[in-house]
Amino acid sequence: MQRFTVDIPDHDIERIMARVRAYEWFEEPDDAQWQYGANGRYMRALCAYWLDGFDWRRAEASLNRFTQFVAEVDGRPIHFIHEKGSGSSPTPLILLHGWPGSYVEFLECVERLAHPERFGGDAEDGCDVIVPSLIGYGYSGKPPAPVDPREQARYMNGLMTDVLGYGSYVAQGGDWGSSIAAWMGFDFGADKGGACKAIHMNMFGLRPGGDFRNIFGVGVARLETREEKDWAREAARRGDGRFGYMVLQSTKPQSLSYAMMDSPVGIAAWITEKMQAWGDRTGTGSDDPVFSRNQILTNVMIYLTSRSFNTAAWQYRAVRDSGNSVMPQGRRVMVPAGFADYPGELAPMPPRSYLEKGYANVAYLSAPTSGGHFAALEKPVFFCNDLQNFMKVV
């Protein structure tokens with residue numbers, strides 16, 4: 001295990017900025033806002049700020065304010081934050097991002113979870129907080145072939161047990177991180193003698209066996225109650241027209257990567273559109289992203305400076321090929337599971353009855369009144385409080 005500091009060479013930053021500066025803008029429909037994809041007005045303003053207002057070195061300093069390491073698990077380098085918690089016996093907690101996110105999503109949560117007494121809480125609730133970059137993402141190693149969430153779970157469990165030596169831990173995740181956390185609970189759960197004692201998710205990740213053929217649809221085999229059927233209709237409504245990126249990335253991610261790896265503005269537009277669409281804009285009076293330009297550009301720059309757009313996108317093809325977006329038929333995660341149903345999420349969380357039938361041993365449910373897909377980034381205070389409440393019951 002070696003210490004790690006984000007320190008991108010000047011020439012790499014200059015190369016990126018030169019590409020942004022030289023970008024040739026083009027037409028969009030007269031009535032375009034965000035319904036056709038990334039909005040041109042917003043993207044021009046974002047890129048102007050990128051060139052003249054955004055300070056990567058300041059962003060770097062923010063990324064480096066917590067101790068970071070790189071360690072090998074089964075020959076794959078994994079980059080991670082490791083913040084030791086307060087209190088007499090801090091619970092090890094791993095926070096797992098997804099796509100198009102990065103470990104930057106959790107930066108405002110690390111101190112709150114590790115040292116709650118600094119924010120009016122009890123030091124005895126402190127956690128040892130571990131925030132990795134997934135394999136193929138950010139400053140972790142790049143795999144020679146696509147890695148699906150179940151394999152990611154094996155690496156992340158190895159990080160927690162083999163590298164850091166924890167005999168027990170809690171896993172939390174959103175987006176792909178929700179599937180990874182679920183597989184950690186399933187394959188390495190304490191009920192099977194493993195180290196994962198509980199999982200918490202802010203997205204409905206793995207699907208119950210028998211109901212879902214793949215990651216693209218809502219099954220109907222087990223929809224029994226009116227509440228379950230209402231949920232399925234709402235999930236279909238929210239998902240309408242929002243998953244074109246998933247079809248592309250789960251079939252031909254490498255073709256997409258040829259364009260994206262050559263264009264910082266292209267990557268920024270592809271990611272910004274998702275951050276716009278998946279945030280909770282209720283009450284803002286604007287269709288623009290709820291995230292600041294600094295938050296968006298820091299996340300984008302992690303993909304650019306690590307040159308990881310391609311290997312991150314591969315994960316969609318990996319899960320399509322493996323089928324590991326679905327629980328084994330008749331099986332479920334038996335360690336205690338918590339779920340937070342943020343109203344701006346891509347799809348609503350299923351009712352408890354549905355979750356318990358073929359997915360998880362539900363120990364905790366919460367219904368935040370605001371927030372979306374990138375919950376830890378958008379609502380860090382509530383996210384941390386909710387997670388701490390879950391950990392008190394498990």
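Selection within the stretch 244-262: residues that are small (Gly, Ala, Ser) and surrounded by fewer than 17 Cβ atoms within 10 Å (Cβ to Cβ). The member of this set that is nearest to the chain's Cα centre (by Cα) is Gly244. Looking at Val104, is it among the hydrophobic types (A, V, I, L, M, F, W, C), buried (at least 21 other Cβ atoms within 10 Å of the Cβ) and either under 24 Å from Tyr166 (Cα atoms) or at pLDDT 95 or above (or both)? For Val104, the condition - among the hydrophobic types (A, V, I, L, M, F, W, C), buried (at least 21 other Cβ atoms within 10 Å of the Cβ) and either under 24 Å from Tyr166 (Cα atoms) or at pLDDT 95 or above (or both) - is met. Note on the stretch 289-300: among residues that are part of a helix (DSSP H, G or I) and under 16 Å from the mean Cα position of the chain (by Cα), the one that is nearest to His97 (Cα to Cα) is Asn299.
The set of residues in the stretch 3-32 that are assigned to a loop (DSSP other than H, G, I, E, B) and surrounded by 14 or more Cβ atoms within 10 Å (Cβ to Cβ) comprises Val6, Ile8, Tyr23, Glu28, Ala32.
Scanning the stretch 335-378 for residues that are among the acidic types (Asp, Glu) and modelled with pLDDT under 95 yields Glu345, Glu356.
Within the stretch 159-189, can you find the residues that are in a helix (DSSP H, G or I), surrounded by 22 or more Cβ atoms within 10 Å (Cβ to Cβ) and either among the β-branched types (Val, Ile, Thr) or at pLDDT below 95 (or both)? Correct list: Ile180 only.
Inclusion of Thr369 among residues that are within 24 Å of Ala236 (Cβ to Cβ) and either within 19 Å of the chain's Cα centre (by Cα) or in contact (Cβ under 8 Å) with a residue 12 or more places away in the chain (or both) is warranted. Residues that are over 14 Å from Leu95 (Cβ atoms), touching a strand residue (DSSP E or B) at 6+ places or on another chain (Cβ under 8 Å) and in contact (Cβ under 8 Å) with a residue 60 or more places away in the chain within the stretch 136-159 comprise Tyr139, Ser140, Gly141, Pro143, Tyr155, Gly158, listed in sequence order. Step by step: first the residues of the stretch 33-54, then only those that are in a loop (DSSP other than H, G, I, E, B) and free of Cβ contacts under 8 Å to residues at least 40 places away in the same chain, then the one that is farthest from Ser263 (Cα to Cα). Which residue is that? If we take residues in the stretch 33-54 being in a loop (DSSP other than H, G, I, E, B) and free of Cβ contacts under 8 Å to residues at least 40 places away in the same chain, then Gln35 is farthest from Ser263 (Cα to Cα). In the stretch 55-75, which residue that is within 20 Å of the chain's Cα centre (by Cα) and assigned to a strand (DSSP E or B) is surrounded by the most Cβ atoms within 10 Å (Cβ to Cβ)? In this case the residue turns out to be Gln68. Report, by residue number, each residue of the stretch 363-382 that is hydrophobic (A, V, I, L, M, F, W, C) and either surrounded by fewer than 17 Cβ atoms within 10 Å (Cβ to Cβ) or under 27 Å from Asp240 (Cβ atoms) (or both). Listed by number, the residues that qualify are Ala363, Leu365, Ala367, Phe374, Ala375, Ala376, Leu377, Val381. Checking Phe119 against (1) crowded, with 23+ Cβ neighbours inside 10 Å; (2) closer than 18 Å to Leu377 by Cα; (3) of a type outside the set (D, E, K, R); (4) in contact with a helix residue (DSSP H, G or I) (Cβ under 6 Å, 6 or more places away or on another chain): exactly one of these is not met. Which one? Single failed check for Phe119: (1). Please verify whether Gly219 is modelled with pLDDT of 95 or more, more than 25 Å from Ser306 (Cβ to Cβ) and either small (Gly, Ala, Ser) or assigned to a loop (DSSP other than H, G, I, E, B) (or both), treating the condition exactly as stated. In short, no. For the criterion of being touching a strand residue (DSSP E or B) at 6+ places or on another chain (Cβ under 6 Å), over 30 Å from Arg118 (Cα atoms) and not small (Gly, Ala, Ser), Pro77 passes.
The residue that is nearest to Lys197 (Cα to Cα), counting only those in the stretch 325-344 that are over 17 Å from the mean Cα position of the chain (by Cα) and part of a loop (DSSP other than H, G, I, E, B), is Arg332. For the condition hydroxyl-bearing (Ser, Thr, Tyr), in a loop (DSSP other than H, G, I, E, B) and at pLDDT 95 or above, Ser286 does not qualify.
If you go through the stretch 102-147 and pick out every residue that is under 14 Å from the mean Cα position of the chain (by Cα), assigned to a loop (DSSP other than H, G, I, E, B) and at negative phi, you end up with 5.
The values are calculated or read from the model by the stated rules, or taken from the named source; none is laboratory data. All figures in this text were calculated on a predicted structure; none of them were measured in a lab. Don't worry about glycine lacking a Cβ; one is built from the backbone with ideal geometry, like all the others, and counts go over all protein chains shown.
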